[in-house]
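A short worksheet on the structure shown next.
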Amino acid sequence: MPAQKIVIDCDPGIDDALALVLAHGSPELEILGITTVGGNVDLARTTDNALRLREFLGFGGVPVTPGSAGALLRSRVNAAEVHGDSGLGGALLPPATLPVAAGHAVDFIVETLRAAPGEVTLVAIGPLTNVALAVLKEPRVTEWARGLTILGGSYTRGNFSPAAEFNIAADPEAAAIVFGAGWTVTMIGLDVSRGAMTTRAVADRMEAMGRLGTELLIPCVGFHGTITADGGPAIHDACAIAHLIDPSLITLEPAVVDVETAGRFTSGMTVTDFALRGRTPNALVGTTLDTDRFWDLLLDVYARVAESVER
Ligand code: RIB
Ligand code: CA
């Protein structure tokens, strides 16, 4: 079975970093490119973090192309209180020596999808500004993409606000464009990803993974000191990557998702209707996560990556 080609649009970000480790270490996936967006921290930092992660993990041949610094219309927000000012928690990776790619993320996304219609899956684990701009620039990307999987949204409660998840709330207009573009969005939301908590048992296994554990994984997941036997920081973004590796991990249900852009208290809410009411679904929404198998997958892949990082 050939590896699934993917482009990851991200805002590293603690959980973005753990998602990149998973994607890089999985033989089921081939990363064609990383594109960055402002989100958890500003674009300069998310891009620098992506460049540092690329070299630390050893996928220097994969282009990293920066994109949008902020939202289409809204003023910028960030999640530095979660990810730290650097964006990678307590991880201090060596400075990147390899250069960022020329050009803009939106053009990279459009041209990569154009060059291989039906072959490349776009994975968005940050605000959807780059994806929306790609759709606006070249609507055919919705036909060329093999699929679009996002970490974002929630059909229950938010994390940025009671109603909205961060990636959507950071750029609701972009999300509305993406969900209204005619493709079927695979939405892995907080309803699923909140289950991906780094417990003490998980952290203990990460700690034993050499430099990958001590220099990246633990400084990331241990940043707030909230790891306990029963709970810890949820590594949301890794759920989107895990879904692509093993689609049996997350149950998906068809729904119509509308993004609230006008609500005073609900801006960025993904209003999710599983009842459809005669409408064509625009999304497949994650509803359950097999947590045990999720962690089995991640820790197996991380152990393999750890060996390559030691070399
Ligand atoms: O709500 C979780 C999402 O917001 C993740 O992508 C995290 O990195 C932040 O961007
Ligand atoms: Ca993210």
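Below is a table of values for the structure above.
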read-out	value
Leading residue by the ranking (farthest from ligand 2 (Cβ to nearest atom)) among those in the stretch 131-146 that are in contact with a strand residue (DSSP E or B) (Cβ under 7 Å, 6 or more places away or on another chain) and over 22 Å from Val271 (Cα atoms)	Arg146
Checking Gly103 against (1) of a type outside the set (D, E, K, R); (2) in contact with a strand residue (DSSP E or B) (Cβ under 9 Å, 6 or more places away or on another chain); (3) on the phi < 0 side of the Ramachandran plot, the condition it does not meet	(3)
Some residue of the stretch 288-311 being in contact with an Asp or Glu (Cβ under 7 Å, 6 or more places away or on another chain) and not hydrophobic (A, V, I, L, M, F, W, C)	no
Qualifying residue in the stretch 161-178 (condition: surrounded by fewer than 24 Cβ atoms within 10 Å (Cβ to Cβ), among the acidic types (Asp, Glu) and closer than 18 Å to Ala19 by Cα)	no
The stretch 81-97: number of residues that are free of Cβ contacts under 8 Å to residues at least 60 places away in the same chain and surrounded by 14 or more Cβ atoms within 10 Å (Cβ to Cβ)	2
Complete set of residues in the stretch 9-58 that are under 14 Å from Leu122 (Cβ atoms), among the β-branched types (Val, Ile, Thr) and near ligand 2 (Cβ under 10 Å from one of its atoms)	Val37
Answer residue from the stretch 54-80, given it is under 23 Å from Gly222 (Cα atoms), within 13 Å of ligand 1 (Cβ to nearest atom) and aliphatic (A, V, I, L, M) and is surrounded by the most Cβ atoms within 10 Å (Cβ to Cβ) among those	Ala79
Filtered residue count, the stretch 147-191, keeping only those that are within 15 Å of ligand 2 (Cβ to nearest atom) and closer than 13 Å to Gly286 by Cβ	11
All positions within the stretch 167-213 that are assigned to a loop (DSSP other than H, G, I, E, B) and either closer than 24 Å to Ser248 by Cβ or free of Cβ contacts under 8 Å to residues at least 12 places away in the same chain (or both)	Trp183, Thr184, Gly189, Arg194, Gly195, Ala196, Thr198, Thr199, Ala208
Ala229 over 15 Å from Ser154 (Cα atoms), among the hydrophobic types (A, V, I, L, M, F, W, C), touching a Lys or Arg at 6+ places or on another chain (Cβ under 6 Å) and surrounded by fewer than 20 Cβ atoms within 10 Å (Cβ to Cβ)	yes
Where a residue in the stretch 2-16 is touching a residue at least 24 places away in the same chain (Cβ under 8 Å) and among the small types (Gly, Ala, Ser) and its partner, wherever it lies, is more than 9 Å from ligand 2 (Cβ to nearest atom) and assigned to a strand (DSSP E or B), with Cβ under 9 Å and at least six apart	Ala3/Leu29; Ala3/Glu30
Out of Thr288, Thr280, Thr272, sole residue that is under 30 Å from Tyr302 (Cβ atoms) and among the polar types (S, T, N, Q)	Thr288
Filter result for Ile227 (among the β-branched types (Val, Ile, Thr), in contact with a Pro (Cβ under 9 Å, 6 or more places away or on another chain) and under 21 Å from Glu207 (Cα atoms))	yes
Some residue of the stretch 260-275 being closer than 20 Å to Leu190 by Cα, acidic (Asp, Glu), in contact (Cβ under 8 Å) with a residue 12 or more places away in the chain and touching a Gly at 6+ places or on another chain (Cβ under 9 Å)	yes
Selection count where residues are within 13 Å of ligand 1 (Cβ to nearest atom) and either farther than 23 Å from Ala242 by Cβ or not hydrophobic (A, V, I, L, M, F, W, C) (or both), scope the stretch 171-185	1
Filter result for Ala102 (exposed (fewer than 15 other Cβ atoms within 10 Å of the Cβ), modelled with pLDDT of 95 or more and under 19 Å from the mean Cα position of the chain (by Cα))	no
Residue in the stretch 140-154 that is surrounded by fewer than 20 Cβ atoms within 10 Å (Cβ to Cβ) and assigned to a loop (DSSP other than H, G, I, E, B) present	yes
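The values are calculated or read from the model by the stated rules, or taken from the named source; none is laboratory data. All of these numbers come straight from a predicted model, not from anything done at the bench. Cβ: placed from backbone, ideal geometry, glycine included. Neighbour counts: every protein chain shown.
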